[in-house]
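The values are calculated or read from the model by the stated rules, or taken from the named source; none is laboratory data. Just so it is clear, the model here is predicted, and its values are computed rather than measured. Neighbour counts run over all protein chains shown; Cβ positions are idealised from the backbone, glycine included. These accessible areas exclude ligands, DNA and RNA; they are computed on the full protein's heavy atoms, side chains included. Shrake-Rupley method; radii C 1.70, N 1.55, O 1.52, S 1.80 Å.
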Amino acid sequence: MKKGTFTLTMIKPVAVKEHHVGDILSHIEHAGFRIIALKMTQMPKEKAEVFYEEHKDKPFFNELVTFMKSGPVVAAILEKENAVADFRKLIGSTDPVEAEEGTIRKMFAKSKTHNAIHGSDSDENAMREAWFFFSEMEQFS
Ligand code: IDP
């Protein structure tokens, strides 16, 4: 995969539990992103801690890890030019109260922690996160 052409998303446990997987994936595809890897998986505590290691000193870290290991997530690699920035726009602000109308978080998030979906915040993290979830045989660029 060429850096800058993809991002990594994860539909978080609350949105999976509430049956929003189909709606969210449909929204993503209609926005012009191509799904080039997809899986449902549940992260043990240690994996969730590694995924979010850059937040390990934040006050919400334990709450975040507890939430992320609480049930299955749906992870996907999404291909599009300018994927990272365009996808951050599509999902909206971290806090659903601040997210714009029409964004995925505005539609499906419950709270700042239970905010329905993840999107990589840089091309470097997109690369790290894609390889965190998917082997070469699971990526269809
Ligand atoms: P992002 O997911 O919008 O990039 P980050 O700041 O990278 O937001 O935070 C990672 C995740 O940690 C968020 O998506 C959210 O689930 C959780 N989080 C962030 N800030 C807070 C907070 O102030 N309180 C509770 N949870 C938070």
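Find out how many positive minus negative residues lie around residue 122, taking Lys and Arg as positive, Asp and Glu as negative, among other residues whose Cβ is under 14 Å from that of residue 122.
-3
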Report task. Could you work out how far apart the two model spin labels at residue 66 and residue 138 are, taking each label as a point 7 Å from the Cα in the direction of the beta carbon, and quote it in nm? Result -> 2.8
Report summary line: Note, region 2-16: 3J(HN,Hα) by Karplus (6.51, -1.76, 1.60, θ = phi - 60°), whole Hz, Gly/Pro = x, goes 8, 3, x, 10, 8, 9, 10, 10, 9, 7, 7, x, 5, 6, 5
Query raised in the report: How many angstrom separate the Cα center of region 63-136 from the Cα center of region 1-54?
Result: 6
Report task. Along Cα→Cβ, 7 Å out, is where each label goes; now give me the distance between the ones at residue 18 and residue 101 in nm to one decimal. Result -> 2.0
Query - Zero-based 10 Å bins, Cα pair distances in the chain, whole percents - result: 12, 45, 38, 5
Query raised in the report: So if R0 is 35 Å, what FRET efficiency would residue 111 and residue 38 give, r being the distance between their Cβ atoms, rounded to the nearest 0.05?
Result: 0.85
Query raised in the report: Using a 1.4 angstrom probe and counting only protein chains, how large is the accessible area of residue 133 in Å², to 10?
Result: 20
Query - Most to least accessible of 50, 65, 97 (protein chains only, probe 1.4 Å) - result: 97, 50, 65
